[in-house]
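What follows is a set of notes on a single structure, which appears directly below.
The values are calculated or read from the model by the stated rules, or taken from the named source; none is laboratory data. Computed from a prediction, not measured in an experiment: that's the story for all the values here. Cβ atoms come from the backbone with ideal geometry, glycine included; neighbour counts cover every protein chain shown.
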Amino acid sequence: MSSRSEHSAVTVLGLGPMGRALAGAFVDCGLRTTVWNRTPGRDRELVERGATGAGSAEEAVAASGVTVVCLVNYDAVDGVLRREPVTGALKGRTVINLTADTPSRARDTAAWAAEHGVRYLDGAIMTPTTTIGTPAAVFIHSGPEDLYREHLPVLRALGGTHTHLGEEIGRAAAYDIALLDIFWTAMAGYVHALAVARAEGITARELAPFAKGIGDILPPIFEEAAEEADSGGYSGEGNPITSAVSSMAHIVRTSEEHGIDAGVMRAAEGLARRAVGRGHGADGFVRLAELLGRR
């Protein structure tokens, strides 16, 4: 299969909201795009825009040198790819898996691909569907660098930035998990804050400008904390763990006075108190990462 044909054609498996966005971006860039979804009918709009709807997953992967997969998880990926005749049709072709799951599942899929002669790249999408095809999109990838470079022209059709994080296949998923950890922990904190504020007669709209202010102070804190975590310095100057414990206790008490579940903050407070009990009360909050990492 020629390099030219590989770079002018692409198959997309999975037409949920993100899959449709990916396929639409490929179509808009003029790539010959073949699409398939287990549930029929989701390809209608894409076909009207110029995509080709495949009647089966085998037909879809056989239509292009590279197949981009975006399904709900790797169980769904296995259900499509790890069965004949699809596995046979993929031999010698490239799969770029943008499905979100764990690093261990990425490694397992890469091992399966190698056993069956399938060229494999793993990746993750770090921005919403609305960013796909625009400069705001962010993609991360891991796996063989030469394979990544070979298919970068196709990936660039998705817009935004693409970063190759290394040849170890699980690195993209590991970044994804760590970054989603930040996002969902922050969102859990925000919705809890909205509940506490409402109980005190403060509307979400009134709180929002001040909540954004909290968000604005985090980037420099992240940078400083990263240096401490990598160096093992854990300076608590100005804001030791003992201070954090005190403010967390205030949050727990106020929440529970209003009958609001404070389980998440209680867990964080408990971890901080454990650090104090181990003699780290004067250290910075990032010391907790070390405690969490101990087995």
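Points worth noting:
- From the list Gly233, Gly213, Gly201, the one residue that fits, being surrounded by fewer than 10 Cβ atoms within 10 Å (Cβ to Cβ) and either outside any helix (DSSP H, G or I) or touching a helix residue (DSSP H, G or I) at 6+ places or on another chain (Cβ under 6 Å) (or both), is Gly201.
- Residues of the stretch 125-136 that are surrounded by 22 or more Cβ atoms within 10 Å (Cβ to Cβ) and over 12 Å from the mean Cα position of the chain (by Cα): Ile132 alone.
- Test result for Ser231, hydroxyl-bearing (Ser, Thr, Tyr), farther than 24 Å from Gly281 by Cα and over 25 Å from the mean Cα position of the chain (by Cα): no
- Test: Leu71 is part of a loop (DSSP other than H, G, I, E, B) and either touching a Lys or Arg at 6+ places or on another chain (Cβ under 9 Å) or assigned by TED's automatic domain parsing to the domain that holds Thr94 (or both): yes
- Hits in the stretch 176-192 (condition: among the hydrophobic types (A, V, I, L, M, F, W, C) and closer than 23 Å to Phe139 by Cβ): Ile177, Ala178, Leu179, Leu180, Ile182, Phe183, Trp184, Ala186, Met187
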